[in-house]
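Trainee: Here it is: the structure, laid out below.
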Amino acid sequence: MKNKLALILALTICASAFAGCGGASSGESSKAADSSAEVAETADNSGDTIAEETASEKLLAEYPVNDGAYDFKQGATENMLARSLLNRGDTSRLAAKIQRAVDDPKAVTNICYLGDSITAGSGASGSAKQYTNLITAWWEENLSLYVLGTNAGIGATDSYLAVHRAYRDVPPESDIVFIEFINDQDSEFYQATMDSLVRYCLALENQPAVILIEPSTEGGGSPQSAHLKVAETYDLPMISYHDAIIPEIDAGNFAWKDTSNDNVHPNDAGHAVMAQCVLNLFDQVKDGLENESKEVTPFDPAAVESPTGDRFAGATLGSADTPELVEVVDAGTFTESAQFGNFSGGWGSTTGGSAVFKIKCKDLGILYHKNISGTFGKVAVKVDDNAAVIVDGDFPGGWGNYPKAEEIFSSDEAAEHTVKVEFINGDTAPDFEILGWMIS
């Protein structure tokens, strides 16, 4: 293990300074990176905490912090790695994938990284320093040269949007799916979105190993308690970068600034330690293959009860490209084609006004363009005769433009609904772009 960790640490040294909120890779514009400002915007709604981190407390008692100051650039200590394995879970799927690569080094392994701007690479000084590519490099170095890594990280997004885009962004042939969303909150809502997302990934045809990764914001903010409920339900591995570093920072052994150049995105050293935490599990499974179960039972959603009622089962995105999902009853002033980042086929208006759609759904959300230009205004989104939800496309003084997902409507039964979008501020800010409808 020491030799493998040395490879990671070598990539950490000579880390260069990284400033700003961008740095996203895999085609992501830095404008779409979810900076500290975006995290702060969503953090105000995290009052409905649903779990105590008793698992974290137990691990901290067993694997205490370092006795004194520690140079974070040297990588994770053994105790940091041990604490990071918050839930080892059932590793049979991972063991089966590793065993296949060991038996056939020419076998192609498909690894998907689904997440936000941390997964997209923000904070790292280059693609080789990203935690995703460090993991892929380890697989190539230790198991198989044939690895296809899919980076499905999109800045400023959460698992609510992810469960609606997973069908298009997570390849069905994936062998391993990593899920990382620091933009989630420790709430019942995000437990439900993560629950449905995990169920979707577990049911993929290639029976992938699904692994949750939990980063941290400065000060220790994390949605991992909500996510842990999901990991425990489905007996999934959960890797907590949060639990690896925050106790050390609280103890004064190193500072947050050693791990990040803002208040959320890991720097090169942080990305390297995130990768180490994952590779610690990989090493354990690889070294113990003889004793690891590799019997994989296909996941049957109908046979495994969801603790949240699988609210977002069958989630998808509706746009102008999917008229079978979204009927435009009256385009009104929303006649412009809207496109931003990874999302296209939307509807935009530059003159205020309104539009009417007909959508069959149980739950409905709107994906819209959050914009710093000052020309984007507020709209009222009304489903049938329900109270309108006010959605604001303006992002004054923000770090950049990004796709924002917001729940609009929820019910117990799927039915056809009339959805009206109407400006409420006249022509003072006449722009608005609907990037898509989030339908489940």
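The values are calculated or read from the model by the stated rules, or taken from the named source; none is laboratory data. This structure is a prediction, so every number in the text was calculated from the model and none was measured. Cβ placement follows ideal geometry from the backbone for every residue including glycine, while neighbour counts extend to all protein chains displayed. Side chains included, ligands, DNA and RNA excluded: accessible areas come from the protein's heavy atoms. Shrake-Rupley method; radii C 1.70, N 1.55, O 1.52, S 1.80 Å.
Trainee: Once the convex hull of the C-alpha atoms of region 46-138 is built, how many Å³ does it hold per residue, rounded to a whole number?
Mentor: About 189 Å³ per residue, rounded to a whole number.
Trainee: Can you give the FRET efficiency to the nearest 0.05 for Ala302 and Glu205, using r as the Cβ-Cβ distance and R₀ = 22 Å?
Mentor: The value I calculate is 0.85.
Trainee: Under the Karplus relation 6.51 cos²θ - 1.76 cosθ + 1.60, θ = phi - 60°, what is the ordered set of whole-Hz ³J(HN,Hα) values for region 300-307, x standing for Gly and Pro?
Mentor: With the stated coefficients, region 300-307 comes to 10, x, 6, 9, 10, 5, 8, x Hz.
Trainee: Sort region 393-440 into rounded, prolate or oblate with this rule: let a ≥ b ≥ c be the square roots of the eigenvalues of the Cα gyration tensor; rounded if a/c is under 1.5, and if a/c is not under 1.5, prolate when a/b is larger than b/c, oblate otherwise.
Mentor: Cα axes put region 393-440 in the oblate bin.
Trainee: So, one more: Please compute one quarter of the surface area of the Cα convex hull for the chain and express it in square nanometres.
Mentor: So the Cα hull casts an average projection of 20.5 nm².
Trainee: Put a dot 7 Å past each Cα toward the Cβ at Val329 and Ala69; how far apart are the dots in nm?
Mentor: 6.7 nm
Trainee: Still on this structure, please answer the following. Tell me which lysines have Cα within less than 26 Å of Lys129's Cα, excluding those fewer than 8 residues away on the same chain?
Mentor: Of all the lysines, those that pass the test against Lys129 - Cα under 26 Å, at least 8 places apart if same chain - are Lys2, Lys4, Lys31, Lys73, Lys97, Lys106, Lys257, Lys286.
Trainee: What is the antiparallel percent of DSSP beta bridges lying wholly in region 363-440, to the nearest 5?
Mentor: About 90 percent, rounded to the nearest 5.
Trainee: Once ligands and nucleic acids are excluded and a 1.4 Å probe is used, how much of Lys360 is accessible, expressed in Å² to the nearest 10?
Mentor: Counting only protein heavy atoms, the figure is 140 Å².
Trainee: If you don't mind, another one. Which trypsin sites (Lys or Arg not before Pro) from region 101-169 combine a DSSP loop assignment with at most 10 other Cβ atoms within 10 Å?
Mentor: Qualifying residues, ordered by number: Lys106.
Trainee: Looking at the square roots a ≥ b ≥ c of the eigenvalues of the Cα gyration tensor of region 205-330, which shape do they give, rounded for a/c under 1.5, prolate if a/b is larger than b/c, or oblate?
Mentor: Oblate, because a/c is 1.5 or more while a/b does not exceed b/c.
Trainee: Follow-up. Residue by residue through region 226-233, what is 3J(HN,Hα) from phi via Karplus (6.51 cos²θ - 1.76 cosθ + 1.60, θ = phi - 60°)? Round to whole Hz and write x for glycine and proline.
Mentor: Those phi angles translate into 5, 5, 5, 4, 6, 4, 5, 4 Hz.
Trainee: Using θ = phi - 60° and the Karplus form 6.51 cos²θ - 1.76 cosθ + 1.60, what ³J(HN,Hα) does each residue of region 54-64 get, whole Hz, x for Gly and Pro?
Mentor: 3J(HN,Hα) across region 54-64, in whole Hz: 5, 4, 5, 5, 5, 5, 5, 5, 7, 10, x.
Trainee: In addition: Evaluate the relative contact order of the chain (contact order divided by residue number), counting alpha-carbon pairs under 8 angstrom at least 6 apart; express in whole percent.
Mentor: 19 percent
Trainee: Check Thr150: other-chain or 5+ apart residues with amide H under 5 Å from its amide H, H built from backbone geometry?
Mentor: Sorted by chain and number, the residues that satisfy this are Ile111, Cys112, Tyr113.
Trainee: Also, quick follow-up: By DSSP, what percent of the beta bridges with both residues in region 137-291 are antiparallel, rounded to the nearest 5?
Mentor: Values: 1 of 9 bridges.
Around 10 percent antiparallel, to the nearest 5.
Trainee: Shape verdict for region 260-341, please, from the Cα gyration tensor: rounded (a/c under 1.5), prolate (a/b greater than b/c) or oblate.
Mentor: It is oblate, given that a/c is not under 1.5 and a/b is not larger than b/c.
Trainee: Determine the calculated [θ] at 222 nm for the chain from helices alone, applying -39500 (n - 2.57) to every DSSP H run no shorter than 4 residues and normalising by the residue count; nearest 500 deg cm²/dmol.
Mentor: -9000 deg cm²/dmol
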